[in-house]
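Everything on this sheet refers to the single structure shown next.
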Amino acid sequence: MSAEVLPDTTADTVPRARIVRRILGRYLRHPGLSLGLFVLVLLSFVAIAAPWLAPHGPTEADLMNTLAHPSGEYLLGTDQYGRDILSRLIWGARISLEVALAVVALSLTFGSAIGAIAGYAGGWVERIMMVCNDILLAFPGFLLALALVAARGSSLENVILAVSIAYTPRVAAVMRSVVITIRPRPFIEASRAIGMSSSRVLLRHVLPNALPPVIVVTTVSAATAILAEAGLSFLGLGVQPPTATWGNIISDGQGFITSNPLISLSAGLCIAVTVIALNLLGDGLRDTLDPQMRRYTGERML
Amino acid sequence: MLRYTARRLLLMSITVIGMVTVVFFLLRAIPGDPASYMLGDYATEESVAALKAELGLDRPVWEQYLGFVKRALTGDLGTSVVTGQPAFDEVLESIPWSAALSVSGIIIAVLAGVPLGVMSAVRHGTFADLFVMLGALIGISFPVFWVGLVCILLLAHEVRLFPALGASSSQDFFTQVHHLMLPALVLGFSVAAYIARLTRSAMLEVLGQDFVRVARAMGVPERRIVYRLALRNALIPVLAVIGVTFAWSLGSAILVEAVFSRPGLGSMILKAVFARDYQLVQAGVFVLASAVVLVNTSLDIVYGWVDPRVSVS
């Protein structure tokens, strides 16, 4: 709609393709961002191609070769049931990325909706919504997720749900603090003055402008979600064995940490590489998207 | 100032009541019948009915809720179905263990994280900055329980510097401290990483402000700018950071306690979860979350005193 009213000044001077290239270039020149993105693309490939990449099944037990040290057959050795560690790590990538993706989707949707409505509505609606949000925020995120999983039972779905419930308030808090800085800006007032409905202003103007900081926050929340899932699985409350998850593998290897340290060490490294990649991506996006947003993100995410 | 303090306290009470509500619904979130789930498969019908009556599950929800809030606010958080002891007493017993771990972890984290963060902001863009930030990135990215396992492997098995267990039955103070050191270091390391990152960005923001540029233009020595002007102004966000990381460190402490088999609130909650002792879980979660609110409210009030700007806005 606005495109019809306003003349598109950029179209005459610079071809669109060059603008796109320039914007992409700005992101890709950031070393942390491109490294993080590269690692994540690679990991997603591994996760998707797990059935073809893994040399053995994730739960395939070779009882003649339990706790084997690395060999040509088992590149990273086997665990106490003779299951191939490498294959379990590859399959574990699926669970971790699935959790991260689902938590991001859920907390981004609900968190930004709650935050945007509260921030845009203002007044009592905002106050009540934010008091409820602050109550959930007061719980240490991991503790809340743990308590929810404990009550609802341990399964992949419940882990995703619990971690999302624990981290949605964080996204909502960031969204609201961004929206209240956008609300008084002249273009919002102008949209209202020409008779746009509230929901339309919210969807067309407020949300797109508020998204960058929220995207940064959700990238960080993906990292936190992976750590939370690993922690829950490590405690035996997450995805149940024999399903291969990185947290489960660390906990399997815990008893053999002196004789077969590779089991726990390799799984921990997998988690760390993924989380580092997500944090690099988040830091990079924060630096490139909008330097102003440092204020909103960071401390709110813990 | 008084008004500000009163507001914070009012907000704190609202939050605590809200947390009681969340904890109340936690037990009701158990699918099916919580009472028979808690007692396991071999429970007799009478015992299930007795527990139901005790939990008030046979009454309407709003009545259950009001009763729960009333009892929770007087410190009655139900009884443990396993030991028969009041849940609150069980929680109280494990608090000293958790407090020792959390407080020493936070102290280590602040002592390491704040100076490192300040240094890397002052030397923004140098190798020292890069080095500290890489270390901090590693600190926030490795799972804390895994770092614990590696430390046990390296510092307790290979080099026998620390005991592998995070607690000892000995009453001797120094033995206890010796056992506490490794878990506290592990917890402190991961919290320090957060504090360093957030201190750095708070400090960078202050260093970029106009009054710092004016001071520079006037020829104020750099040392004076950093320590007298910037650090003072960055201290308020850093205090806030410590408050937020406290909540986060309590979550990590659960995992640290599990790795080092150390008693504490986290271990107690875990044990209760596996024993399906939900009233104890409720009590533990409530007390941990209340500790967070208490610490954050006190910090809020402290920086209201320190920085008059906070209490005005």
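The values are calculated or read from the model by the stated rules, or taken from the named source; none is laboratory data. It should be emphasised that the depicted structure is a prediction, and the values quoted were computed from it without experimental measurement. No Cβ is skipped: glycine too gets one built from the backbone with ideal geometry, and neighbour counts run over all protein chains shown. Please note that ligands, DNA and RNA were not included when accessible areas were found on the heavy atoms of the full protein model with its side chains. Shrake-Rupley method; radii C 1.70, N 1.55, O 1.52, S 1.80 Å.
Consider the range A:254-266. How many of its residues are more than 8 Å from chain B (Cβ to nearest Cβ) and either under 23 Å from B:I140 (Cβ atoms) or of a type in the set (A, V, I, L, M) (or both)? Talk me through it step by step, then tell me what you get.
Looking only at the range A:254-266, we keep the residues that are more than 8 Å from chain B (Cβ to nearest Cβ), and these are A:255-256, A:259-260, A:262-263, A:266.
Filter once more, so that each one left must be either under 23 Å from B:I140 (Cβ atoms) or of a type in the set (A, V, I, L, M) (or both): A:262-263, A:266.
The number of residues fulfilling the criteria is 3.
Yes or no, residue by residue, for (1) over 19 Å from the mean Cα position of the chain (by Cα); (2) more than 19 Å from B:Y278 (Cα to Cα):
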site: A:M130; (1), (2): yes, yes
site: A:D134; (1), (2): yes, yes
site: A:F139; (1), (2): yes, no
site: A:A147; (1), (2): yes, no
site: A:E157; (1), (2): no, yes
site: A:I160; (1), (2): no, yes
site: A:P169; (1), (2): no, yes
site: A:V174; (1), (2): no, yes
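Output yes when any residue across the range B:100-121 is open to solvent by less than 40 Å² (accessible area, probe 1.4 Å), touching a Lys or Arg at 6+ places or on another chain (Cβ under 6 Å) and of a type in the set (S, T, N, Q), and no when none is.
Yes, because at least one residue in the range B:100-121 is open to solvent by less than 40 Å² (accessible area, probe 1.4 Å), touching a Lys or Arg at 6+ places or on another chain (Cβ under 6 Å) and of a type in the set (S, T, N, Q).
Identify, please: which residue in the range A:154-195 is in contact with a Lys or Arg (Cβ under 8 Å, 6 or more places away or on another chain) and not small (G, A, S) and is, among those, farthest from A:I117 (Cα to Cα)?
Here the residue is A:N158.
Within the range B:258-281, is even one residue more than 10 Å from chain A (Cβ to nearest Cβ), surrounded by fewer than 24 Cβ atoms within 10 Å (Cβ to Cβ), β-branched (V, I, T) and out of contact with any Pro (no Cβ under 7 Å at 6 or more places or on another chain)?
no
How many residues, within the range B:150-183, are within 10 Å of another protein chain (Cβ to nearest Cβ) and under 21 Å from the mean Cα position of the chain (by Cα)?
Of the residues in the range B:150-183, 0 are within 10 Å of another protein chain (Cβ to nearest Cβ) and under 21 Å from the mean Cα position of the chain (by Cα).
Identify, please: which residue in the range B:35-78 is within 31 Å of the chain's Cα centre (by Cα) and charged (D, E, K, R) and is, among those, modelled with the lowest pLDDT?
So the residue we want is B:D76.
Table: residues versus (1) aliphatic (A, V, I, L, M); (2) without any contact (Cβ under 8 Å) to a residue 40 or more places away in the chain; (3) more than 10 Å from chain A (Cβ to nearest Cβ); (4) open to solvent by 20 Å² or more (accessible area, probe 1.4 Å).
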{"position": "B:P221", "(1), (2), (3), (4)": "no, yes, yes, yes"}
{"position": "B:L229", "(1), (2), (3), (4)": "yes, yes, yes, yes"}
{"position": "B:G243", "(1), (2), (3), (4)": "no, no, no, no"}
{"position": "B:A247", "(1), (2), (3), (4)": "yes, no, no, no"}
{"position": "B:S252", "(1), (2), (3), (4)": "no, no, no, no"}
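What do you reckon, is B:V238 surrounded by fewer than 24 Cβ atoms within 10 Å (Cβ to Cβ), in contact (Cβ under 8 Å) with a residue 24 or more places away in the chain and more than 11 Å from chain A (Cβ to nearest Cβ)? Outline the logic, then answer.
Details: surrounded by fewer than 24 Cβ atoms within 10 Å (Cβ to Cβ): yes; in contact (Cβ under 8 Å) with a residue 24 or more places away in the chain: yes; more than 11 Å from chain A (Cβ to nearest Cβ): no.
No, not satisfied.
If you go through the range A:103-125 one residue at a time, do you hit one that is assigned to a loop (DSSP other than H, G, I, E, B), in contact (Cβ under 8 Å) with a residue 24 or more places away in the chain and among the polar types (S, T, N, Q)?
no
Return the residues of the range A:68-92 that are at pLDDT below 80 and open to solvent by 60 Å² or more (accessible area, probe 1.4 Å); say none if nothing qualifies.
Matches in the range A:68-92: A:H69, A:P70, A:G72, A:E73, A:L75, A:Y81.
Just to be sure I understand the filter: pairs with C-beta atoms under 8 Å, separated by 6 or more residues or on different chains, first member in the range B:256-285 and free of Cβ contacts under 8 Å to residues at least 12 places away in the same chain, second member part of a helix (DSSP H, G or I). Which pairs pass?
If the second residue must be part of a helix (DSSP H, G or I), the pairs left are B:V273/A:L146; B:V273/A:A150; B:V273/B:V281.
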